[in-house]
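**Q** If you scroll down you'll find the structure; I have some questions about it.
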Amino acid sequence: MTGTIKRPPWTLPVIVFSQFAGGSIWFSGNAVLADLMQHWSSPSPMAGWITSAVQLGFIAGTLVFAIFAVSDRFSPRRIFLLCAVAGALSNLLTGLAGNSLAWLLGLRFITGFLLAGIYPVGMKIAAGWYQKGLGNAMGFLIGALVLGTAFPHLLKGGLSSVPWQAVIVLSSGVCLLGGLSMFLLIPDGPYLAVGTRFNPRAVLTLLGHRELRAAALGYFGHMWELYTLWAFVPVFLAAYLSSVPGLSRNVSFWSFLIIGIGSVGCSVGGLVSARVGSARVAFIQLAVSGICCLFSPLFFAAPPALFLAFMLLWGTAVVGDSPQFSTIVARTAPPELVGSALTLVNCIGFSITVVSLSLMQWIAAMVPPQYLLVLLAAGPTAGLVCMKSLVGKNRVTTT
């Protein structure tokens, strides 16, 4: 391609906002969990069930979109818009679930399925405009998704006098606005690549390529912890705040801060990776997050200021390595299998979150809350051991 590509100055801000807006429906069910639980006599496992339903939907959607090459056969902007509209509708219907658990979980599954046309497709739209500096752009995009994930908690915590149904309506409206913004303001980029359908050979590549395998296993350890922590942050916070007399018990607001601050970890991690490499950034953040898992019972007994500072540190590190793992996988996979490798790694990673969530919701009834999150340390520990060989290998770690 010759000539200078003129990129509208609002390109990245609009894509970042749209990614944030689309992510706002991911955890909207969790944000109003306390209100939804009033319909069931045994509410403790609900956080795991609701999150698992979204994860399973996302896994199914990712596979369907990859196998049928949906975003290659049609304009990614149109896919993003349609999934944002349909996702907003499925999220809105959550408010009508009443006391039907099957209806609620079914709607969360559909929402997760449609998120497969928002999260990965938004990144493809960004890649169509950014050939250089894509790593930094991805850091901001995933950071925006994290902030969107936390957004319903802010709606619930900052607007506590508003009925819980309003949180669902507002998050649905924001999602719809994001879809329209992407479609109306961002044309298809000049670097938009036409990929191929999912190639099963990526499975053999993942098993046989040492560096790709190390990166994937590190990512799997990260995913064991990430969404389970996010799902149980309100549970952990509620248990702590209830034990401290006179302390504000705005669980939703603090959940927003702890989850949302991960956007800082993603953005700063993307900038730092340009100097020290993606593998080092991912290794350090995964190590910090694993240490937080192990020390969580000690900080549960700490003064409020120290406890909340600890949780904010954990929230920063737990997701800050996500963009770097995606970068490493993309760089270590054979060029003709990059899309398939990313799809496979993402699907396995999100499948692991379902196992972790299911195990945690089963253990939650038997373990005191202060010890609950220690069990998540197994993921970061295994991930660090598996990806240790990547640290220091400049050809796979530099941005």
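**Q** Test of understanding: what is the full-extension gain from M37 to S389, defined as 0.36 nm times their sequence separation minus their Cα-Cα distance? Display every interim value, and only then the final one.
**A** Numbers: separation 352, 0.36 × 352 = 126.72 nm, distance 4.52 nm.
Going from the current span to full extension adds 122.2 nm.
**Q** For region 175-320, report the translational diffusion coefficient in µm²/s to the nearest whole number, using Stokes-Einstein at 25 °C, 0.890 mPa s, and a Kirkwood Rh over Cα pairs. Before the final figure, lay out each step's value.
**A** On the way: Rh = 18.2 Å.
Rounded to a whole number, D works out at 135 µm²/s.
**Q** Quick one: if you stick a label point 7 Å off each Cα along the C-beta vector at L89 and A301, how many nm between them?
**A** Each label point lies 7 Å from its Cα, and together they span 5.4 nm.
**Q** Same structure, new question: Report, by chain and number, residues whose modeled amide H sits under 5 Å from the one on A333, excluding near sequence neighbours (fewer than 5 apart, same chain).
**A** none
**Q** So, R0 is 41 Å and r is the distance between the beta-carbons of S242 and L82; what FRET efficiency does that work out to, to 0.05?
**A** Numbers: r = 43 Å, r/R0 = 1.05.
Computed FRET efficiency for S242 and L82: 0.40.
**Q** So what is the diffusion coefficient of region 242-352 in µm² per second by Stokes-Einstein at 4 °C and 1.567 mPa s, using a Kirkwood Rh over Cα pairs? Walk me through the numbers on the way to the answer.
**A** Working: Rh = 15.7 Å.
Stokes-Einstein gives a translational diffusion coefficient of 82 µm²/s.
**Q** Tell me which DSSP H helices of the chain clear both cut-offs, 15 Å or more of axial length from alpha-carbon atoms and a mean Kyte-Doolittle hydropathy of at least -1.0.
**A** Working: long enough: 11-23 (18 Å, 1.28); 46-67 (32 Å, 1.65); 76-92 (23 Å, 1.14); 101-115 (21 Å, 1.85); 134-158 (34 Å, 1.16); 164-185 (32 Å, 1.86); 210-241 (45 Å, 0.76); 262-276 (20 Å, 1.09); 278-300 (32 Å, 1.65); 304-320 (24 Å, 1.91); 322-332 (16 Å, 0.06); 338-363 (37 Å, 1.58).
Span-like helices here: 11-23, 46-67, 76-92, 101-115, 134-158, 164-185, 210-241, 262-276, 278-300, 304-320, 322-332, 338-363.
**Q** Bin width 10 Å, origin at 0, all Cα-Cα pairs of region 306-388: what percent of pairs per bin?
**A** Calculated P(r), rounded to whole percents: 13, 37, 33, 13, 3.
**Q** Show log10 I(q)/I(0) for region 201-241 at q = 0.29 Å⁻¹, two decimals, from a solvent-free Debye sum over equal Cα scatterers.
**A** Log-scaled intensity ratios, in q order: -0.89.
**Q** Let me ask you something else. Once the Cβ-Cβ distance between V64 and V367 is put in as r, and R0 is 45 Å, what FRET efficiency do you end up with, to the nearest 0.05?
**A** Numbers: r = 37 Å, r/R0 = 0.82.
That gives a FRET efficiency of 0.75.
**Q** Which length gain, in nm to one decimal place, applies between A274 and R73 when the Cα-Cα distance is subtracted from 0.36 nm times their residue separation?
**A** Net length gain for the segment: 69.0 nm.
**Q** Turning to a different aspect of this structure: For the residue pair N250 and W10, what label-to-label distance in nm results when each label sits 7 Å from Cα along the Cα-to-beta-carbon direction?
**A** 3.2 nm
**Q** Where the accessible area of the chain is counted over protein heavy atoms with a 1.4 Å probe, how much of it, in %, is carbon and sulfur? Let's see the in-between values first.
**A** Values: 11270 of 16040 Å².
So the carbon and sulfur contribution to the accessible surface is 70 percent.
**Q** In whole Å, what are the extents of the chain along the principal axes defined by its C-alpha atoms, from largest to smallest?
**A** The Cα atoms of the chain stretch 66, 44, 37 Å along their principal axes.
**Q** Continuing with the same structure: At a Förster distance of 45 Å, what's the computed FRET efficiency of L204 paired with L180, Cβ-Cβ distance as r, to 0.05?
**A** Values: r = 42 Å, r/R0 = 0.93.
Result of the calculation: an efficiency of 0.60.
The values are calculated or read from the model by the stated rules, or taken from the named source; none is laboratory data. Remember, it's a predicted structure, so these values are computed and weren't measured experimentally. Because the Cβ atoms are built from the backbone with ideal geometry, glycine has one as well, and the counts that use them run over all protein chains shown. Remember, those area values only see protein heavy atoms, side chains included, never the ligands or the DNA or RNA. Shrake-Rupley method; radii C 1.70, N 1.55, O 1.52, S 1.80 Å.
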